[in-house]
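Novice: Just dropping this structure here.
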Amino acid sequence: VAPPPPQVADAAADAAGDEKEPGEKAEKDKGEKPDADEKEKSDEQPIQVKGPKKKHENLRYLYDSNDLLEALIAVHPRQPPRDERGSADAKKEKGRGPLDILDGDLWGLVRTNLPTPDLRVLRARFAELSPDHWQVGVDDHPLLATTAPLQPLPPTPLARAAALAAVQAAAAAASPGAPPAAVAVASAAAAKAEAAAKSEMLTNLATSSDPQVIAETQEAFGARVHRAGRKSVNECFIPAARAYATGGCPPSLRPRVWRILLGLPPGPPPFQPAFGGGGGGSSANSSTRGSRDGASLHPEQVEEDLEAVAAEEARYEALKQHVEAVELVTDALTCMDIDEMMDRGHYFPFEDKIQSVLLAFSRDPSVHANAAFAVHRPLLPGKTGPSVGSVGFGACAVSSSELAACGLDPAKDSVPLSGVMPFKGLVAYLAPLTFVFDDEALMYSVFRAMFQRFWCKLNVLRSEPQCLPALAQTFEELLQAHDPHLFFKLIQLKVHPLRIALPWLHLGFVNLLEPSEVLALWDRVLAFDDLSILPAFAAAVFLFRSPLLMAMHESSEVSDAMADGTELRVAPLLQHFLFPIPAEGPRPPAQPPVSSDDH
């Protein structure tokens with residue numbers, strides 16, 4: 001038998017783990033050159049070197065945003081039977097071709113007639129977003145303060161005294177035994193005094209542009225926001241926290257305010273701001289748990305918070321142990337989704353934390369039990385297998401004894417245990433929370449609660465008002481009403497607006513905005529407990545880009561322009577879309593064109 005070519009021998013030696021000196025190998029390669037026959041043999045038989053295979057080589061997501069859109073387009077309103085329709089309609093339908101995008105009264109891709117809110121309803125629903133109310137992200141924005149004197153000035157001593165007197169009167173009237181009429185009058189006086197103080201600041205806006213005054217205004221605004229936030233956290237009252245969060249949350253208070261809004265205990269105060277300004281959610285063994293920002297609480301309330309947080313940590317540790325002990329077939333899809341998210345520059349430092357939390361989420365049966373909507377139909381043991389007491393089909397079936405050996409109960413457990421199949425973008429609901437929480441257990445509790453209340457609605461095709469079809473139709477109707485020229489222009493370019501906006505709606509704008517702006521948008525989602533703000537913001541983005549889009553002539557240009565969200569700011573765009581400032585004075589009536597016959 002002829003000896004193998006040098007290349008094959010070297011490859012086999014490397015695969016077997018033989019170590020060669022670099023100089024010896026280079027000298028051998030240089031001195032022994034294969035002839036033509038040996039080279040042809042080596043080309044015919046490719047060299048196979050052992051090594052790690054490519055990760056996620058043959059995997060495919062269960063679905064993504066585009067699959068949801070295609071399924072949504074395929075849904076058509078139910079029509080009456082042919083015999084109940086008139087002969088004219090039957091003749092018209094007989095020679096009718098495939099449905100065109102402009103077929104019918106609407107231009108949209110959503111063909112179902114769902115109850116959706118119009119602009120007037122949205123204005124009433126999100127009244128706290130109007131310019132009459134303070135907003136984090138507008139009144140404290142440094143760019144707005146340096147380019148023009150747009151920040152309100154500090155109140156005068158007279159306005160402060162009036163507001164303080166009104167607040168004191170309200171507190172006195174709210175004491176036990178006070179008549180209801182006195183309480184109502186005092187509350188109205190307090191609100192009127194605060195409105196007068198802000199009105200006076202805005203009136204003096206045009207007369208002062210001193211940078212020092214603006215800096216003092218920003219500092220006073222920040223102190224006011226933190227003082228009100230600490231008060232709402234200490235009260236631990238959900239309506240008060242919602243009223244506070246409608247104007248946005250500062251990063252230092254966001255962890256505890258979000259937990260209160262989700263019905264969770266506030267948790268410990270942060271030792272220091274987290275990476276990226278998030279802050280919050282330090283370890284459960286902190287020594288400052290008995291106080292929140294120096295405010296003394298009732299010992300029973302502190303003890304209840306400690307017990308609830310300890311229970312969260314114990315449950316999360318149990319889920320992590322299950323991840324280490326049992327590997328599910330869905331774990332590979334989850335890791336593939338995480339790997340794609342890590343390609344973005346914002347979230348790669350938190351890869352280990354995200355993977356730990358998301359794998360633990362797949363093992364939690366309470367997700368399926370408490371979610372507002374069942375996202376997927378899981379593989380149920382004893383029902384989906386070919387025989388009783390097995391899971392799977394054919395050769396892939398798993399017996400009950402094998403399930404029990406893995407720690408699963410064949411009578412109750414499903415695969416995955418959470419009932420949520422991994423789809424492309426599931427990690428997007430978790431990634432922004434890494435800028436808010438340091439502790440994985442607290443982060444996991446918030447992520448699970450938000451998915452059960454909000455994000456599960458974005459992954460089902462149902463007719464309820466807060467689900468994805470209604471949100472998509474709301475977006476189309478808002479954009480058609482505000483800028484029909486832009487809507488028709490994009491259709492002519494064969495770039496339908498919903499094909500751009502639906503991935504934003506599906507993933508909560510994580511795939512468009514910067515992390516800080518994603519958190520600012522989620523502040524409003526939690527505060528109003530309403531997902532209708534997502535299509536409103538999507539329409540606001542299109543209106544903001546309207547002058548640029550109207551000048552484009554290629555679909556690729558439109559896609560590139562709408563993929564950049566680094567300059568988008570949530571609070572100003574929402575205010576401009578929902579509460580536009582009217583032009584000064586009425587527009588003059590259009591003059592009829594003068595023809596030569598009039599002279």
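Novice: Starting from the Cα gyration tensor of region 504-546, take the square roots of the eigenvalues, sort them a ≥ b ≥ c, and report rounded, prolate or oblate (rounded when a/c is under 1.5, otherwise prolate if a/b is larger than b/c, else oblate).
Specialist: It comes out oblate by the Cα gyration axes.
Novice: Provide the per residue accessible area, probe 1.4 Å, for region 486-563, rounded to a whole number of square angstrom.
Specialist: 30
Novice: For V329 and A481, what is the calculated FRET efficiency with R₀ set at 45 Å and r taken between the beta-carbons, to the nearest 0.05?
Specialist: E between V329 and A481, to the nearest 0.05, is 0.45.
Novice: Would you mind calculating the gained length between E514 and E304 on full extension (0.36 nm times residue separation, minus the Cα-Cα distance), in nm to one decimal?
Specialist: Answer, rounded to one decimal: 72.0 nm.
Novice: In terms of solvent-accessible area of protein heavy atoms at a 1.4 angstrom probe, what is the ranking of F488, F237, F577, highest value first?
Specialist: Sorted by accessible area, descending: F237, F488, F577.
Novice: Does region 524-585 classify as rounded, prolate or oblate by the C-alpha gyration tensor (a ≥ b ≥ c root eigenvalues; a/c under 1.5 gives rounded; else a/b over b/c gives prolate, otherwise oblate)?
Specialist: Oblate.
Novice: Please give the length that would be gained between Q321 and A243 if that part of the chain were fully extended, namely 0.36 nm times their separation in residues minus their C-alpha to C-alpha distance (nm, one decimal).
Specialist: Gain in length upon complete extension: 24.1 nm.
Novice: Just how large is the dipole of region 471-569 about the Cα centre, in debye to the nearest 20, putting +1 at every Lys and Arg Cβ and -1 at every Asp and Glu Cβ?
Specialist: Approximately 220 debye in magnitude.
Novice: Determine the sum of side-chain charges near E514: Lys and Arg each +1, Asp and Glu each -1, restricted to other residues whose C-beta is under 13 angstrom from that of E514.
Specialist: -1
Novice: On to the next question. How many nm separate the modelled label positions at H226 and E567, each set 7 Å beyond the Cα in the direction of the Cβ?
Specialist: Here the answer is 3.3 nm between the modelled labels.
Novice: Please report the spacing between the Cα centers of region 509-582 and region 112-128 in Å, no decimals.
Specialist: Their Cα centres are 17 Å away from one another.
Novice: Please name which of A538, P497, L519 has its Cα lying farthest along the dipole of region 463-538 towards the positive end, using unit charges on Cβ (Lys, Arg +1; Asp, Glu -1) and the Cα centre as origin.
Specialist: P497
Novice: Something else now. What area, in nm² and to one decimal, does the C-alpha convex hull of region 446-488 cast on average over all directions?
Specialist: Mean orientational projected area (region 446-488, Cα hull): 3.9 nm².
Novice: Going by average Cβ density within 10 Å per residue, which order do the peptides 245-255, 521-531 take, highest to lowest?
Specialist: Order by mean packing, descending: 245-255, 521-531.
Novice: Extension gain E554-H133, at 0.36 nm per residue separation less the Cα-Cα distance, in nm?
Specialist: 147.5 nm
Novice: Can you find, among F454, P469, L442, the residue sitting farthest towards the positive end of the charge dipole of region 431-476, where Lys and Arg contribute +1 and Asp and Glu -1 at Cβ?
Specialist: Value: P469.
Novice: A follow-up question, please. Between A311 and A374, what is the FRET efficiency for a Förster distance of 41 Å, r being their Cβ-Cβ separation, to the nearest 0.05?
Specialist: Between A311 and A374 the formula returns 0.95.
Novice: Give me the mean projected area, in nm² to one decimal, of the convex hull enclosing the Cα positions of region 440-591.
Specialist: That works out to 11.5 nm², a quarter of the Cα hull's surface.
Novice: Hey, another quick one. Which FRET efficiency, nearest 0.05, do S546 and S366 yield, Cβ-Cβ r, R0 60 Å?
Specialist: Given R0 = 60 Å and the Cβ-Cβ separation, E is 0.85.
The values are calculated or read from the model by the stated rules, or taken from the named source; none is laboratory data. All of these numbers come straight from a predicted model, not from anything done at the bench. All Cβ positions, even for glycine, are placed from backbone atoms using ideal geometry, and neighbour counts span all protein chains on display. Keep in mind that these areas ignore ligands, DNA and RNA; they rest on the heavy atoms of the full protein, side chains included. Shrake-Rupley method; radii C 1.70, N 1.55, O 1.52, S 1.80 Å.
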